Amino acid sequence: MNKPHKKLDAWTTAIELAQQIYQKTDSFPSKEQYGLTNQIRRAAISIPSNIAEGAARQTKREFAQFLHIAKGSLSELDTQLELSVRLKYLGSREWTTLNDLLERVDKMISGLIRHLGAKS
């Protein structure tokens with residue numbers, strides 16, 4: 001199986017972000033297991049998944065479409081993490097680490113979209 005996504009820094013960094021999300025949300029209250037924790041994890045998984053699916057598509061346009069979906073999941077994740085900070089489920093140090101990764105992934109995805117010649 002050809003795996004072009006594994007050559008992309010955006011995918012690798014998005015996987016790192018998802019891994020960090022899983023580790024950080026382990027300490028969330030158990031009452032959030034089927035609520036916020038689940039939503040955060042799903043958004044985090046969606047980012048590298050959409051990068052991978054797009055990279056496997058036949059056209060640049062299709063790839064760009066999946067990159068835009070990944071950016072939407074990034075925004076969703078950012079919102080959920082902001083709520084987690086306000087609810088005091090995440091500390092400022094954890095937030096800073098995750099936010100730095102969010103921003104890195106966002107810049108990488110935006111760069112890929114520009115490279116593909118699609119509007120971001």
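All of the numbers you see were taken from the coordinates with simple rules; none came from a lab. Computed from a predicted structure; not experimentally measured. Neighbour counts run over all protein chains shown; Cβ positions are idealised from the backbone, glycine included.
Label LYS88 and ASN2 with points 7 Å out from Cα along Cα→Cβ: what is the distance between them in nm?
Once both label points are built, they end up 5.4 nm from each other.
Tilt of helix 36-55 relative to the longest C-alpha principal axis of the chain, in degrees (0 to 90, nearest 10)?
Once rounded, one gets 10 degrees.
With charges only on Cβ, +1 for K and R and -1 for D and E, what is the dipole size of the stretch 24-120 about its Cα centre, in debye, rounded to 20? The partial results should precede the final answer.
Details: 15 positive and 11 negative charges, 45 e Å.
Magnitude of the dipole: close to 220 debye.
Working from Cα positions, state the angle (0 to 90°, nearest 10) between the long axis of helix 9-25 and the longest principal axis of the chain.
For 9-25 against the chain, the angle is about 20 degrees.
Determine how many Å³ per residue the convex hull of the Cα atoms of the stretch 4-116 encloses. Before the final figure, lay out the partial values.
On the way: hull volume 9.3 nm³, N = 113.
In the stretch 4-116, the Cα convex hull volume per residue is 82 Å³.
At 0.36 nm per residue, and after removing the present C-alpha to C-alpha distance, how many nm does the segment from TRP95 to ALA56 gain when stretched out fully?
Working: separation 39, 0.36 × 39 = 14.04 nm, distance 3.21 nm.
Full-extension gain reported as 10.8 nm.
Using only Cα atoms, tell me the angle between helix 92-116 and the longest principal axis of the chain; keep it within 0 to 90° and round to the nearest 10.
10
On full extension of the chain, what length is gained from LYS107 through ARG41, given 0.36 nm per residue of separation minus the C-alpha to C-alpha distance? Mind dumping the intermediate values first?
Working: separation 66, 0.36 × 66 = 23.76 nm, distance 2.09 nm.
The LYS107-ARG41 span can extend by a further 21.7 nm.
Which pairs, out of LYS24/LYS60; LYS3/LYS71; LYS7/LYS60; LYS7/LYS88, put more than 25 Å between their alpha-carbon atoms?
Values: LYS24/LYS60 35 Å; LYS3/LYS71 21 Å; LYS7/LYS60 16 Å; LYS7/LYS88 37 Å.
Exceeds cut-off: LYS24/LYS60; LYS7/LYS88.
Given the rule -39500 (n - 2.57) for each run of at least 4 DSSP H residues, summed and divided by the residues of the chain, what is its mean residue ellipticity at 222 nm, to the nearest 500 deg cm²/dmol? Intermediate results must be reported in sequence, preceding the final value.
Details: 4 runs with 89 residues, N = 120.
One gets -26000 deg cm²/dmol as the mean residue ellipticity at 222 nm.
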